[in-house]
Amino acid sequence: SQIMTPRDRCFAVGFSERPALLMPLTSDARAIETAFRDLPALGSTSLHDALVYALYQYRGVRGRKALVLLSDGDDTSSLISWDDALAYAERSGVAIYTIGLAIGKGSIAIRHKLERLATETGGRTFFISKAEELAGVYSQIDRELRSQYLLAFSPDPAPKEGERHALEVRVSKRGYKARSARGYTP
């Protein structure tokens, strides 16, 4: 709840066998916290479906958009493929911050998915071993979201509709690094 200000709005999605909207778009941080409190961590994981379902909740939402995806395992039951979910994420315009909870170094597939989602969308990945570390991660995400800049550009020649284009943002000042989506789809 510390990550939100009164101007912010958020929603909560839980996912096991199928994604479910636990709390619709609200500015009530306590309601979101309550929605997650009694969520059981058992059963299958529909990570790909949940990603697309959550990103769909942003339709019609204006302003800066970010998604925090917390998972403790790889996908086991989605109807949507990883490639389709990633493509949807890339086109969404939403920066995705991924958090892997208790995901061992040997779990290469899920670690790679979480890292790729964050990298491609301009977010960041965190791997933590216990839930008590979440407060520190949320604090880092909050700092990052509150220190972003909006850069606009007009490519020449104009890009083709529906075609993915690479994007790279560099900072000339030493010691600083820009984080942005790796591409865009008009």
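The values are calculated or read from the model by the stated rules, or taken from the named source; none is laboratory data. All values derive from a computational prediction rather than experimental measurement. Neighbour counts are summed over all protein chains in view; Cβ atoms, including those assigned to glycine, are modelled from backbone coordinates with ideal geometry. Just so you know, the surface numbers come from the protein's heavy atoms only, side chains and all, with ligands and any DNA or RNA stripped out. Shrake-Rupley method; radii C 1.70, N 1.55, O 1.52, S 1.80 Å.
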Labelled set (1) 56, 14, 11; (2) 26, 20, 18; (3) 38, 18, 16; semi-axes √(5λ) of the Cα gyration tensor in Å computed from this model equals the value at (2)
With label points set 7 Å from each Cα along the Cα-to-Cβ direction at residue 59 and residue 4, the distance between them in nm comes to 2.3
Computed over the range 2-111, the relative contact order (Cα-Cα under 8 Å, seq sep at least six) in percent reads 24
Dividing the mean separation of Cα pairs under 8 Å (6+ apart) by the residue count of the range 49-186 yields a relative contact order in percent of 22
A 1.4 Å probe over the protein heavy atoms gives the range 138-186 a carbon and sulfur accessible-area percentage of 51
Averaged per residue, the 1.4 Å probe accessible area of the range 1-135, protein heavy atoms only, in Å², is roughly 56
With +1 at each Lys and Arg Cβ and -1 at each Asp and Glu Cβ, the charge dipole magnitude of the chain around its Cα centre, to the nearest 20 debye, comes out at 820
Honestly the range 69-161 on the Cα gyration tensor test (a ≥ b ≥ c root eigenvalues; a/c under 1.5 rounded, otherwise a/b vs b/c for prolate or oblate) is just oblate
So, with points 7 Å from each Cα along the Cβ direction, the residue 34-residue 150 label distance in nm works out to 3.3
Residue 27 and residue 160 label points (each 7 Å along its Cα→Cβ direction) are spaced in nm at 4.4
In the chain the DSSP beta bridges are antiparallel at a rate, in percent to nearest 5, of 40
Ordered by number, the trypsin sites (Lys or Arg not before Pro) in the range 151-183 that occupy a DSSP loop and have at most 11 other Cβ atoms within 10 Å are 160, 170, 173, 174, 177
Summing +1 per Lys or Arg and -1 per Asp or Glu among the other residues with Cβ less than 10 Å from residue 50's Cβ gives -1
